């Protein structure tokens, strides 16, 4: 069924169709609508789930950790400072291999206080052991939720998944979204049957003390599970396409890269603007293209390297900065191309922090700077 809804509603409806047994989240702008939609569904009897109110995001993360350990399918959501407050527990969830699904509605981090969009919050926890998927559209906000549960609960993965969507631009933006019927989702996502759970009849310990004799191997196993997900993510996306008749998810999306001489690499809703700019530049004879990262963690190194083969100059547009270093996507992308023995010239650009508009002109500026004799990297759109 197609409906004209905002991205937050698309997320909430997708979560409801996945039938989680426990939901817990603390309201924070711009994530609050997801919480409101789900709470209303539970209160109205439209969703049979326990929606548990808590006093903070840290408590919400702790609660879904416990519920997941007890064998329930769970969901949570957060943004910005709320996600950072969760961060202690995010590492625990991943380290204990709990298949939690969380929606991060991307928002800038304080200080100064800023409620507008960039991607610094999810990027700040990129090393917590969660798979990270980035939506471009409202449709994808919902589609990635279905795929996130399928991925997290796969026995060969058992790693939590974070679906990231740009605050306001997607969470509050209205568009036509195709919301599937429950029977269709049930065919795609089987009931959750945990391989291990807390049960007094079969005592187990999750997350015990691990000394130097074991810790290294445990982290290696988590890393291997993350890397192994790179093979499963495209398979799940292909199954989704067959079931629902549209392409969504996967590792990367290549846009007009076949003969591109210049390319931008980016993630999230800004890719829609980049595509418009590329279409205009193509009409002017500029061979420009885009590589959209759908999956950021685990980093799809081989897919990125293959997609950018033959591209001479590459710009990475980060809506986050690792202060004192570079944009996080730029660091990963540059490493991937070096390891892939690419000869491409790679430059990083920081844009859109704190909700600063990224327009078609912004993208044109990046392509202009990328193609110049002396490539000027760094921040884009600074005043003065």
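Here, each number is a calculation from the coordinates, and none is a lab measurement. None of the values given here were measured: they were computed from a predicted structure. Note: ideal-geometry Cβ built from the backbone for every residue, glycine included; neighbour counts use all protein chains shown.
Once the Cα atoms are used to define both axes, helix 32-43 deviates from the longest principal axis of the chain by about 30 degrees.
Shown here: Cα Rg over 2.2 N^0.38 Å, derived from the displayed model; of the candidates (i) 1.02; (ii) 0.97; (iii) 1.12, it corresponds to (ii). Of all DSSP beta bridges confined to the chain, the antiparallel ones make up roughly 25%. Bridges between two residues of the range 252-379, per DSSP, are antiparallel at a rate of about 20%.
At 222 nm, what helix-only mean residue ellipticity would the chain give, in deg cm²/dmol to the nearest 500, using -39500 (n - 2.57) for each DSSP H run of four or more?
Working: 12 runs with 154 residues, N = 384.
Theoretical 222 nm ellipticity from helices: -12500 deg cm²/dmol.
Rounded to the nearest 0.05, what FRET efficiency do residue 282 and residue 206 have when you use their Cβ-Cβ distance and R0 = 45 Å? Calculated value: 0.25.
Counting other beta carbons within 10 Å of each Cβ, put 345, 246 in order, fewest first.
246, 345
Got a sec? How would 40, 68, 49 order by Cβ neighbour count within 10 Å, fewest to most? It would help to have the intermediate numbers written out before the result.
On the way: 40 13, 68 28, 49 20.
Sorted ascending by nearby Cβ count, the order is 40, 49, 68.
Top mean-square fluctuation among 273, 359, 205, Gaussian network model of the chain, C-alpha springs under 10 Å? Result for the chain, Cα springs under 10 Å: 205 fluctuates most. Cβ-Cβ distance of residue 197 and residue 360, R₀ of 35 Å, FRET efficiency by 1/(1 + (r/R0)^6): the value works out to about 0.10. If you fit an axis through the alpha-carbon atoms of helix 57-69 and take the longest principal axis of the Cα set of the chain, what angle between them do you get, 0 to 90°, nearest 10? With rounding to tens, the tilt is 60 degrees. Using the alpha carbons alone, the radius of gyration of the range 124-242 stands to its Kirkwood radius in an Rg to Rh ratio of 1.03.
In this simple spin-label model, placing a label point 7 Å from the Cα along the Cα-to-Cβ direction at both residue 2 and residue 238 gives a separation of 2.9 nm. Rounded to the nearest 10 degrees, the inclination of helix 270-283 to the longest alpha-carbon principal axis of the chain is 30 degrees.
Modelled label positions at residue 110 and residue 183, each set 7 Å beyond Cα in the direction of Cβ, lie 5.0 nm from each other.
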